[in-house]
Amino acid sequence: MTKNTWFLSALLCLTVQAFPPGQLFADGDVEFIVAHPMPLYPGSVAAKDSDEQRRLSKDDLGAVKRYFESRLKPGDRIETFSKGGETGFKVVYARKIGRKELTAFEVSAAARTEKRPLHTAFGELSAQVQSGRHKDAELQKMLKEYGDIDSAYYRGNEYKEIAERAGKEAHPDQDKLKAAGRHNKVSADDKAEAKELKRKMKELKAQGDIAGMMALAQNSKKFQAPPANQMEAAKLAAEDRSRDTWDIWVRCLKDTKAAAYRTELRYGENVLK
């Protein structure tokens, strides 16, 4: 072994000892470190079936933070943040390499500090109070008990899907109402006929032919009453307004709260084991 070969081998050995495999890499002048594995938070679920790195927990942010604080390894530190309607913390692995401090993201946890717009159910319950079927005290009780659902996290589209199911149960005639509304649109032929009727009426009035005007009106009865579909729509709407849907929307709130999660976790690349 030549002197130069021996020197290179010794330098390589020292480098491997100083920076174990998997901890330090080099790409030109850019260096980075790799975070160590992090435990899966107990009881957490994937926010979506296809996204294991983003997870949700029923525990509050304080409990999640205590869990990770008790499992920090040398080089780990916790950094807090508050932005985008959320507050939380992240765990990063940091290491000094010469004058540089390199960091690698491991996991973060956040809780909402801003609410979504008020849940549909509260608007529906308010309408029931305004109709006189229920008391405002009942509504206030629901707001106190379920108001926090608007600042929670949900798997996939559960928040929206639960509300939509309740809406279909509470308003079973919505599709018929929409169809009636579409059919109520005046056709081009009806518009033309109505225009012609108006023109003839104007002529008869100018001639002072009152009898002719009455006869023309008598023969044009379809313009004297609402279309059949409009009458049906009005009937369905009245029935919908008279329906007591309180229990449906209270059940919706219960189901939504059962589906709610207090904390969102995000794991870094390749650290979830």
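The values are calculated or read from the model by the stated rules, or taken from the named source; none is laboratory data. Only a predicted model underlies this, so the values are computations on that prediction, with no experimental measurement involved. No Cβ is skipped: glycine too gets one built from the backbone with ideal geometry, and neighbour counts run over all protein chains shown. Accessible surface is based on the protein model in full, side chains and every heavy atom, while ligands, DNA and RNA are left aside. Shrake-Rupley method; radii C 1.70, N 1.55, O 1.52, S 1.80 Å.
Filtering 91, 129 for residues that are crowded, with 16+ Cβ neighbours inside 10 Å, of a type in the set (Val, Ile, Thr), more than 30 Å from residue 67 (Cα to Cα) and modelled with pLDDT of 90 or more leaves a single hit, 129.
Of everything listed in (1) open to solvent by less than 60 Å² (accessible area, probe 1.4 Å); (2) aliphatic (A, V, I, L, M); (3) free of Cβ contacts under 8 Å to residues at least 12 places away in the same chain, the single unmet condition for residue 110 is (3). Being touching a Ser or Thr at 6+ places or on another chain (Cβ under 9 Å) and within 24 Å of residue 247 (Cβ to Cβ) is true for just one of 110, 127. Which residue is that? Only one candidate qualifies: 127. Figure legend. Inter-residue proximity from region 29-53: first residues within 26 Å of residue 70 (Cα to Cα) and free of Cβ contacts under 8 Å to residues at least 60 places away in the same chain, second residues open to solvent by 20 Å² or more (accessible area, probe 1.4 Å) and of a type in the set (D, E, K, R), beta-carbon distance below 9 Å, spacing 6+ or different chains. Indicated pairs: 42/59; 43/58; 43/59.
For region 255-273, the count of residues that are at pLDDT below 80 and open to solvent by 80 Å² or more (accessible area, probe 1.4 Å) is nonzero.
Yes or no: region 61-77 includes at least one residue that is within 30 Å of residue 250 (Cβ to Cβ) and in contact with a helix residue (DSSP H, G or I) (Cβ under 7 Å, 6 or more places away or on another chain). Within region 61-77 (the criterion being within 30 Å of residue 250 (Cβ to Cβ) and in contact with a helix residue (DSSP H, G or I) (Cβ under 7 Å, 6 or more places away or on another chain)), the answer is no, since none of the residues qualifies. Remark: pairs (first residue in region 246-259, of a type in the set (A, V, I, L, M, F, W, C); second residue in a helix (DSSP H, G or I) and open to solvent by 70 Å² or more (accessible area, probe 1.4 Å); Cβ separation under 9 Å; 6+ apart in sequence or on different chains) = 248/169; 249/120; 252/120; 252/165; 252/169; 253/145.
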